[in-house]
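Below is one structure, written out as structure tokens; the observations come after it.
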Amino acid sequence: SAYIEFQDVKKVYQMGEVSIEALAGVDFAIDKGEFVVIAGASGAGKSTILNILGGMDSATSGTIIVDGNRVSDYTPKQLTTYRRYDIGFVFQFYNLVQNLTVKENVELATQICKHPLDIDETIAAVGLADRSRNFPAQLSGGEQQRVAIARALAKNPKLLLCDEPTGALDYQTGKQILKLLQDTCRERGVCVIVITHNLALTAMGDKVIKVRNGRIESIERNEHPLPVE
Ligand code: ADP
Ligand code: ADP
């Protein structure tokens with residue numbers, strides 16, 4: 001069976017009298033080691049899916065299974081442990097600690113996790129061995145996102161969840177970051193899930209899940225994922 005499953009997942013945000021249906025019954029399955037792109041317009045429900053998958057938010061109804069565990073049945077305490085040990089997050093604006101060096105940023109993330117990877121090796125793997133004593137402000141946007149990826153990977157997570165990781169970068173730099181995420185997936189066998197509103201980037205995914213108005217519009221497999229031109 002699949003490594004990740006969403007079964008009829010619904011999410012309703014209640015805002016006083018008004019309820020907003022962010023997810024209207026979402027089903028998909030992801031295999032171990034797949035590089036997945038979730039694409040759709042702003043407001044389609046992408047972040048809601050990622051936040052539920054990462055244990056940052058819970059579904060209103062439906063079943064979420066990750067690696068044989070019913071995450072949708074987790075207590076708040078179990079969700080905290082799951083977020084800490086099993087999930088690596090990468091955000092649009094990197095979210096690095098500005099007064100810590102590259103190495104210290106990565107170190108900080110490994111302090112609360114169970115089986116951290118070697119910090120220097122992980123920094124080298126994202127191509128920043130010679131920058132580990134720099135501060136974030138001394139790095140370009142692409143380099144800062146590489147630090148954020150190293151920080152997430154150093155936790156040795158089951159899933160690497162990336163919310164618009166190329167959103168703050170120019171197109172060429174964004175492609176290099178996606179290539180790094182694709183390689184990470186291939187080389188480490190970790191599931192990497194990227195959400196984006198940029199349809200040009202979907203060609204790089206092994207699987208492309210398109211979301212529209214809180215529903216799945218299509219799920220396609222790329223037999224030969226492309227390096228985008
Ligand atoms: P996307 O990531 O595709 O831009 P989101 O998952 O952020 O979409 O949002 C899906 C829908 O849910 C939107 O209509 C959004 O306004 C709504 N929504 C998201 N988060 C909240 C929240 N915390 N409270 C109320 N509505 C929300
Ligand atoms: P970009 O090409 O993304 O616009 P920049 O022009 O900001 O990047 O930086 C180009 C190169 O110079 C990058 O490798 C970056 O790490 C380096 N750099 C920029 N500012 C500093 C600094 N204050 N100290 C050290 N290296 C820096």
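The values are calculated or read from the model by the stated rules, or taken from the named source; none is laboratory data. The structure displayed is predicted, hence computed values, not measured ones. Cβ: placed from backbone, ideal geometry, glycine included. Neighbour counts: every protein chain shown. Quick note on the areas: whole protein, heavy atoms, side chains included, nothing else; ligands and nucleic acids left out. Shrake-Rupley method; radii C 1.70, N 1.55, O 1.52, S 1.80 Å.
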>> When the residues of region 127-186 are narrowed to those that are within 16 Å of ligand 1 (Cβ to nearest atom) and of a type in the set (A, V, I, L, M), which ends up modelled with the highest pLDDT?
In response: Leu161
> Does Gln111 satisfy being within 29 Å of Lys175 (Cβ to Cβ) and at pLDDT below 95?
Replying inline: no
> Just a yes or no: is a residue in region 106-121 under 18 Å from the mean Cα position of the chain (by Cα), closer than 23 Å to Thr196 by Cβ and of a type outside the set (Ser, Thr, Tyr)?
Replying inline: no
> From the list Gln7, Gln92, which one is within 16 Å of ligand 2 (Cβ to nearest atom) and surrounded by 13 or more Cβ atoms within 10 Å (Cβ to Cβ)?
Replying inline: Gln92
>> Against the conditions (1) within 20 Å of Pro157 (Cβ to Cβ); (2) within 17 Å of the chain's Cα centre (by Cα), where does Gly40 fall short? Just the number, please.
In response: (1)
>> Would you confirm, using the coordinates I've provided, whether Glu21 is of a type outside the set (Lys, Arg) and more than 16 Å from ligand 1 (Cβ to nearest atom)?
In response: no
> Is there any pair with a first residue in region 144-156 that is without any contact (Cβ under 8 Å) to a residue 40 or more places away in the chain and a second that is among the hydrophobic types (A, V, I, L, M, F, W, C) and in a helix (DSSP H, G or I) whose Cβ atoms are under 7 Å apart and which are 6 or more apart or on different chains, and what are they?
Replying inline: Arg146/Leu180
> Name the residues in region 124-140 that are under 18 Å from Thr173 (Cα atoms), open to solvent by less than 30 Å² (accessible area, probe 1.4 Å) and without any contact (Cβ under 8 Å) to a residue 40 or more places away in the chain, would you?
Replying inline: Leu128, Leu139
>> List the strands (runs of 3 or more DSSP E) inside region 1-108, counting only whole elements, that have at least 1 residues being of a type in the set (Asp, Glu).
In response: 4-15, 18-30
